[in-house]
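I have placed the structure first, in the form of C-alpha cells, so that the comments after it can refer back to it.
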Amino acid sequence: MAIITSKPLRERRRFIKSRALKRFLAHKAAVIGLVMLFLLIFGAVFAPLVSPYGPREQNLFNTLAAPSAEHLLGTDDLGRDLLTRILYGGRISLSVGLLATTVAVIVGTLIGALAGLIGGRLDAALMRFIDLVLVFPDLILLILFASLFGTSYITIVLVLGGVSWMTVARLVRSSFLELKPKEFVEASRALGSSRLSLALKHILPNALGPVIVAATLNTASAIIAESTLSFLGLGIQPPTPSWGNMLQNAQALISSAPWTAIFPGLMIFLTVLSINFVGDALRDALDPRHTIK
C-alpha cells in the first residue's frame with residue numbers, strides 16, 4: 001500500500017517542480033539575469049585565464065589610460081588593468097555576498113524553527129529580540145561591528161551575516177506556525193515522531209520556498225553592504241580588490257578618469273539587478289498559489 005500511495009505523491013511533486021520551472025523560465029528578465037550572473041561568476045572564477053595581467057601588476061608608465069585594445073576597461077592611477085581588478089574584485093564581492101547569506105540563512109533558520117516549533121515564552125522572547133535589533137539601521141550596525149571586530153574577510157562575512165538573519169528567522173517561524181496544524185504534521189505526530197523529526201522531515205522542507213527567495217534577495221543586499229563598507233574604508237582593504245574599495249579609490253579620479261568609477265559601479269548595478277530579477281521570478285515560481293493549480 002505504501003508503494004501505491006507514494007507513487008502519486010512523487011508524480012505530484014514532479015508536476016509541481018515542472019510548473020515552478022516553467023513559471024521561472026517565463027520571466028525573461030530573470031533568465032537574462034541568470035545568464036548575466038553566470039558570466040560574472042565565470043569571469044571571477046577563471047580570472048587568471050581571462051586576463052593576461054595580475055590584479056596587483058603595476059605599470060607606472062601607463063597610468064589612467066583610457067579603454068583601449070591593450071586594456072579593455074583602461075587602467076587606474078597605479079597602472080593596474082581595470083578589467084583584471086574588476087574580475088578579481090568580483091571574487092571578493094560575490095563570495096562575501098554568498099557566504100554572508102549562508103550565515104544569515106543558517107542562523108535565521110535555526111532561530112525561526114526553534115521559535116515556531118516550541119512557541120510560548122521562547123517564541124515571544126526571540127521575536128522581541130528581533131524587533132529590538134530591527135530598530136537599528138543596518139548601516140549603523142555594520143559600521144559599529146566592523147569598527148569593533150576589524151576588516152578581515154571572515155569578519156566582514158560574519159558581520160554581514162550577523163545583521164541580516166532576522167528576516168529569514170521571521171519567515172521560517174511564520175512557515176512553522178502555518179504548517180504545524182496541518183494534517184500531515186498531526187498524522188506524523190500521532191505516529192510518534194519527535195519534534196526534531198517533525199521539523200526536519202515534514203515542516204522545514206515545506207518552508208524552504210520563502211527561505212530560498214529571501215536568501216536570493218539577501219545576497220544582493222549583502223553585496224551592496226560589502227561595497228558600502230569597503231567604500232567607507234571599513235571593508236576589504238587595498239591592495240586586495242573589491243568593487244567597493246575600487247569605487248573609493250576612484251573618488252578623486254571621477255573627473256579625470258571616469259572609467260575607474262563607472263565600470264566597478266556598473267558591475268555592482270548589473271549584479272544586484274540580476275539577482276533581484278532572479279529573486280522576483282523565484283518568488284512567483286515557488287508561490288504555492290500558482291504551483292498547486
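The values are calculated or read from the model by the stated rules, or taken from the named source; none is laboratory data. In this text, all values refer to a predicted model and were calculated from it rather than measured experimentally. In this analysis, Cβ positions are derived from the backbone assuming ideal geometry, glycine residues included, and neighbour counts consider all displayed protein chains.
Looking at the structure I just gave you, is A2 aliphatic (A, V, I, L, M), surrounded by 11 or more Cβ atoms within 10 Å (Cβ to Cβ), modelled with pLDDT under 80 and under 30 Å from F184 (Cβ atoms)?
No.
Just to be sure I understand, how many residues within segment 141-158 are without any contact (Cβ under 8 Å) to a residue 40 or more places away in the chain and over 20 Å from the mean Cα position of the chain (by Cα)?
4
Look through S227, S152 and report the one residue that is hydroxyl-bearing (S, T, Y) and at pLDDT 90 or above.
Unique residue meeting the criteria: S227.
Got a sec? Which helices (runs of 4 or more DSSP H) wholly within segment 204-289 have at least 2 residues that are surrounded by fewer than 20 Cβ atoms within 10 Å (Cβ to Cβ) and hydroxyl-bearing (S, T, Y)?
208-231
Would you mind finding the one in T63, T84, T75 that is in contact with a Phe, Trp or Tyr (Cβ under 7 Å, 6 or more places away or on another chain) and either of a type in the set (A, V, I, L, M, F, W, C) or within 24 Å of P238 (Cα to Cα) (or both)?
Just one listed residue meets the conditions, T84.
With L171, L179 as the choices, which residue is in contact with a Pro (Cβ under 9 Å, 6 or more places away or on another chain) and either closer than 18 Å to L132 by Cα or at pLDDT below 85 (or both)?
L171
Of the residues in segment 64-77, how many are surrounded by 16 or more Cβ atoms within 10 Å (Cβ to Cβ) and without any contact (Cβ under 8 Å) to a residue 40 or more places away in the chain?
3
Would you be able to tell me the number of residues in segment 102-137 that are over 20 Å from L160 (Cβ atoms) and either charged (D, E, K, R) or surrounded by 12 or more Cβ atoms within 10 Å (Cβ to Cβ) (or both)?
The total comes to 14.
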